[in-house]
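Undergrad: The structure's right below; bear with me while I get my questions together.
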Amino acid sequence: MTESIDAPWEPAPGSDEGYALFAKERRVLADDGTPIAYTFRNPDGPGIPVVFANGWSCSDAYWGTLLPRLEAAGHPCLLPDTRGHGRSGLPRPPGRGARDLSIDDVSMPRIARDLVTVMDDAGVRDALVIGHSMGVQTALEAYRQIPDRILGLVLIAGTASNPAKTFYGTSLGDLVFPIGAAIVRVFPEVLAPVWATIGAAAPGHIGARLVRAAGPKATREELHPYLLHVRSVDPAVIVLMASAMRAHDATDLLPDITVPTLVAAAGADVFTPARCSEAIHHAVVGSELITFAAAGHTLPIEEPEALAAAIGDFVARRIAVKPKPEPKPRARTRRTS
């Protein structure tokens, strides 16, 4: 039986059981029919609701310690799987080399709309959005779409525009990426040998450290769920999403951001170097910058305690809880005899 390319694609139930740290007990359909899986932790908590925006190719492993700390502090926490990752689907089966998907299907504004859809489905009117890596780009687009519902932004180790221009500190990646992306879409099998090695904890951790994708405090145990997750994702979909990141630019939005914004930079990050975070900080009026000099791109895994403390202090000083609207009194009906 063949799948219809017109029907949304969804991972099989339980397909994330080997790596997911948080069960995604909820599901909502995006406006293009894509099923988005998410969890809503501590929904009745008294604190500011928090929405987590995942990085490129990232699973919930990046929030494995930070989210529980914010949850323990009283924050309701919304964590979706990015479309095409984990238990979230796609608007249609991707096809060989993701040939049946377009860049618009996985664009930064599109993923941001998924975040808004999750907020709506969970009944969350206003929220603090915390984004890491690609999640910085999608958090910015969420602000562009619903600025009146964003209480604040926490932007961790990311950039407001094409990350390929600063990858490993040069623009070489931006020049060669289109060639590599085209090869993967036409001959996706070229990545098969690489994907076959992903998932083993020790080799994966060593490889991540060698290419400096993981910082010195990211342990093998903490990275293992992420590696297992990556192995489960169609590599052509990941490459297409990288193309969408490359095509994105939210630098025009930065001067217009009026909500409290905390920017966290990683001093040893070679994917989105600290200067990317610094550029956001300088462009967003009134934003705050915190730098972790020794941390790499895996900053949420490396410094969850310090990040949680910084976010807690930032929220206490800068963000006011909006009062919940009073329920409207029911109109009395007059009986007539």
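Undergrad: Within region 22-36, does at least one residue satisfy the condition of being touching a helix residue (DSSP H, G or I) at 6+ places or on another chain (Cβ under 6 Å) and among the aromatic types (F, W, Y)?
TA: Of all residues in region 22-36, those touching a helix residue (DSSP H, G or I) at 6+ places or on another chain (Cβ under 6 Å) come to 22, 28, 30, 36.
Applying the additional criterion that residues be among the aromatic types (F, W, Y) yields 22.
Yes.
Undergrad: Filter region 20-44 for residues that are among the aliphatic types (A, V, I, L, M) and part of a loop (DSSP other than H, G, I, E, B); which is surrounded by the fewest Cβ atoms within 10 Å (Cβ to Cβ)? Walk me through how you get there before you give the answer.
TA: First, the residues of region 20-44 that are among the aliphatic types (A, V, I, L, M): 20-21, 23, 28-30, 36-37.
Applying the additional criterion that residues be part of a loop (DSSP other than H, G, I, E, B) yields 20-21, 23, 30.
Working: A20: 21, L21: 19, A23: 12, A30: 20.
This residue is A23.
Undergrad: Shifting gears a bit: Considering region 154-189 alone, what residues qualify as being in contact with a His (Cβ under 9 Å, 6 or more places away or on another chain) and at positive phi?
TA: A157
Undergrad: Moving on to the next point. Which one of G97, G47 is part of a loop (DSSP other than H, G, I, E, B), over 19 Å from the mean Cα position of the chain (by Cα) and buried (at least 17 other Cβ atoms within 10 Å of the Cβ)?
TA: Working: G97 fails: part of a loop (DSSP other than H, G, I, E, B).
Selected residue: G47, the only one of G97, G47 that is part of a loop (DSSP other than H, G, I, E, B), over 19 Å from the mean Cα position of the chain (by Cα) and buried (at least 17 other Cβ atoms within 10 Å of the Cβ).
Undergrad: Here's another thing I want to ask about it. Consider only pairs whose beta carbons are under 6 Å apart and that are at least six residues apart or on different chains; among these, list those whose first residue lies in region 146-172 and is more than 28 Å from V239 (Cβ to Cβ) and whose second residue is surrounded by fewer than 24 Cβ atoms within 10 Å (Cβ to Cβ) and at pLDDT below 95.
TA: Short answer, once both residue conditions are applied: L151/I319; G152/I319.
Undergrad: Give the residues of region 50-88 that are assigned to a loop (DSSP other than H, G, I, E, B), more than 13 Å from the chain's Cα centre (by Cα) and farther than 20 Å from S15 by Cβ, sorted by residue number.
TA: Listed by number, the residues that qualify are T65, A73, G74, H75, P76.
Undergrad: Between A12, A73, A7, which is among the hydrophobic types (A, V, I, L, M, F, W, C), surrounded by fewer than 21 Cβ atoms within 10 Å (Cβ to Cβ) and over 27 Å from S102 (Cβ atoms)?
TA: A73
Undergrad: Being without any contact (Cβ under 8 Å) to a residue 60 or more places away in the chain and not polar (S, T, N, Q): is that true of P255 here? Before the answer, list the steps.
TA: Details: without any contact (Cβ under 8 Å) to a residue 60 or more places away in the chain: yes; not polar (S, T, N, Q): yes.
Yes; evaluated as a whole, the condition is true for this residue.
Conditions (1) in a loop (DSSP other than H, G, I, E, B); (2) crowded, with 22+ Cβ neighbours inside 10 Å; (3) at pLDDT 95 or above; (4) more than 20 Å from the chain's Cα centre (by Cα), marked per residue:
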residue: T258; (1), (2), (3), (4): yes, no, yes, yes
residue: A265; (1), (2), (3), (4): no, yes, yes, no
residue: A268; (1), (2), (3), (4): yes, no, no, yes
residue: T272; (1), (2), (3), (4): yes, yes, no, no
residue: C276; (1), (2), (3), (4): no, yes, yes, no
residue: V285; (1), (2), (3), (4): yes, no, yes, yes
residue: A294; (1), (2), (3), (4): yes, no, no, yes
residue: H297; (1), (2), (3), (4): yes, yes, no, no
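The values are calculated or read from the model by the stated rules, or taken from the named source; none is laboratory data. Note that this is a predicted model, so its numbers are computed, not measured. No Cβ is skipped: glycine too gets one built from the backbone with ideal geometry, and neighbour counts run over all protein chains shown.
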